[in-house]
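Below is one structure, written out as structure tokens; the observations come after it.
Readers should treat all values here as calculations from the given coordinates under stated rules, not as data from a laboratory. The model shown is predicted, which means the values in this text are computed figures rather than measured ones. Here the Cβ positions follow ideal geometry from the backbone for every residue, glycine too, while neighbour counts run over all protein chains shown.
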Amino acid sequence: MHDTAVLERVETSYADAPPRRRRERLRWRVLALVAAQAVVALDLDVPVLRAAVALVTFVALPTLVLARRATRLPYAFALSLLGLVVGGLLLDTVLPWVGVDHPLAPLPLAVTWLVVDLALLLWRRDVPLVPPGSIRPLLDARFVLAPTLAAVGLLLSVVGAIRLNNGASGVVAVAAVLVGAAALLAQLMRGRRTHDGWVIGLVAAGLLLATSLRGWAITGHDIQAEYLAFRLTDGAQNWEMSALPSAYNACLSVTILPTVLAQATGLSGLVVFKLLLQLVFAVVPVLTYLFARRFIPRRLAFAAAVLTIAFPTFYTDMPYLVRQEMAFFFLATLLLAATERRANRLLVFALGVGVVLSHYSTTYVLLMALVAALIGMTVFRKGQRAKPVLAHPLMVLALLVTTLAWAGPITGTGGHAREVLSETVHAITGSGDDGPSSSDTSYWLLSGDQTSPEERMATFVDATLDYRAAEIPEELQVLPNPGPEVTEPELYPVASTPVKLACALVMQAFLLLGLVWLLRRRKDSGFPREVVFLVWGSMAALGLIVVVPNLSVDYGVLRAFQQTLLVVAPVMAMGMWFVLRRRFLCAVTPVALLVVLAATQQRIGIANAGVYYDRFFTTDSAIHGIEWLGTTDRADKRNERIIANRNVNVRLLGMSDNRAPVSDRLFPTMLSRDGYVFVDGQILDQGESTVFWTGDLLTYTYPIRALDRNLDRIYDAPQARVYR
């Protein structure tokens, strides 16, 4: 990844060329850039060419120049993406002052990046747009087992998702996982590190695309709100917090970044969210490998990356959390930059800003870990020589100030964080509400919460009854006297996951053993002092999230662990070595965990079944119903409310141009007669619905017949029904 020998040879030939010839080359480069950006500026609809030109001039060229002149390739790529975010934000802030109402339109974007590209080329004239000889290695390429299998696995993942979308079986999708696992195992068993990054990245991309490409529309949980924020920005060609006063809209990773990419390339938002940004996130395990490679042997570093992608959240939830994917990308690059021998503090801070602008929760968990690490390094000063970079007081202070400024006066989205902080303090001091933790804590050794689904459902029903008594007049209540069928619905337990629980315990055991090893070998472990305290700080932040109920619900335990893995994966790999002590076992074990968790568990990426499929997969029939309801409500002058499942709400808002008021109160006790009631396919096909409560998914029997008795059907389709 960091080999620049070809570029160095090319630069030498450029430097030795006569001045006249160099000027001619520069002139042709300028003309080529002007022609390329003209395609973008004129918003020409030229398939493939438009997208290729935009990606080269907006991302590839800045990355190439920065990688050769100023920094290494991972940081150059990260800075190029950060440039899209910050550059778009600057245009959005400055251009309206001079009368440009659409600062994120193709024309201002093309002009701006033309200036940027020209400045970069003038700064580094000897970097060619296309390095001579760069095609020859492709022509001379020989068959290599591991990368070939990884590429085949990626292709099978795409084909498998398309087949599933068309109603076919998941055989190809499962085969994709197995082929990807074979690629990882083949690379692990090889003695050379060649192609390590490619194999990890291709397998990671396959796992992500198997989930992200499901459905012909936007499919998933948080991504629905993210896509709404993007559509508002992209449609207006301008980002404004007032368009959607929500923390989602404050995440520039799902507003300005995809808008710049979509406007420049001419690609749809679906392609940007489902493909381009997923490929960016696929780089994260590669960065984790490079990070681990600095402290532990190559095979264990590779195993650390495999353990990172084997954790189920990576391929089940992360494709639906694009803002967090981008934050993780900047965070992984940040960790790599901070552990350079001569770390550039300005670069580290810039990447930290990328995390802040991308996702609030990732930023807060990072700050928790940094503060804990800083406290530890302050208390245990003995033997400290090298000054820390990331855990330095000034760096922590700078990131904290940036976070407060962004969440406070700039976007005004820090209210929720203040509430969570207050609830956390009260919970720690014993003066807070004694609410249940997220059910995800059941996978953790430190968890003490044993709240049953029935108990969670009872608290949810009580909350709905309190809401009804306070907000819905009796004459508008659809079910004025709900019986046990409604107040005590039958619950459908989540499919038994003893294998998943066993794998979770194995991974935790590896991590705990690694921490024990790190503690015993603290002086000769190979980990720098700052990294050791970052590991312990990250574990302290994770432990706090697991133990404190409101944090486990608000921030998500599994996502917090996925973030923690970016730091502790090398330690986990050492814990695995500590107990297995055999090269073959250390190669097979992480790959086996990946196969068991990714290919044997019911999930949307390999089957048309499972909780996520029931809740999030949207058929054409359901989309037509949503579109019809949005149009009907917008035409209604009375501006009545729409009642729908939480997962339908944001999609409906997006399809109705954010004009249809939607209420997330589909539970029978909260239905009212003053609006439309949209019933989704999960209820119509299976007679059940799902609510998200106290960090848990509760699937219950939905009394659809009660709606038939008390309301009129005004729209009826196989997987969409509207009552009034």
Ordering of 537-544, 576-583 by burial proxy (mean other Cβ atoms within 10 Å per residue, highest first)
537-544, 576-583
Hey, fewest Cβ within 10 Å first, where do 361, 246 land in order?
246, 361
Once label points are set 7 Å from the Cα along Cα→Cβ at both residue 193 and residue 93, what is their separation, rounded to one decimal in nm?
4.0
If amide H atoms are built 1.01 Å from N in the plane of the peptide, which residues on other chains or at least 5 residues away come under 5 Å of the amide H of residue 643?
663, 676, 677, 678
Ranked packing of 663-672, 23-32, most packed first, by mean Cβ within 10 Å:
663-672, 23-32
Contour minus Cα-Cα distance for residue 340 and residue 578 (0.36 nm per residue):
83.0 nm
Taking 7 Å along the Cα-to-C-beta vector as the label spot, tell me the residue 271-residue 386 distance in nanometres, rounded to one decimal.
4.4
If each residue's Cβ is checked for other Cβ atoms within 10 Å, how do 547, 115 rank with the fewest at the top?
115, 547
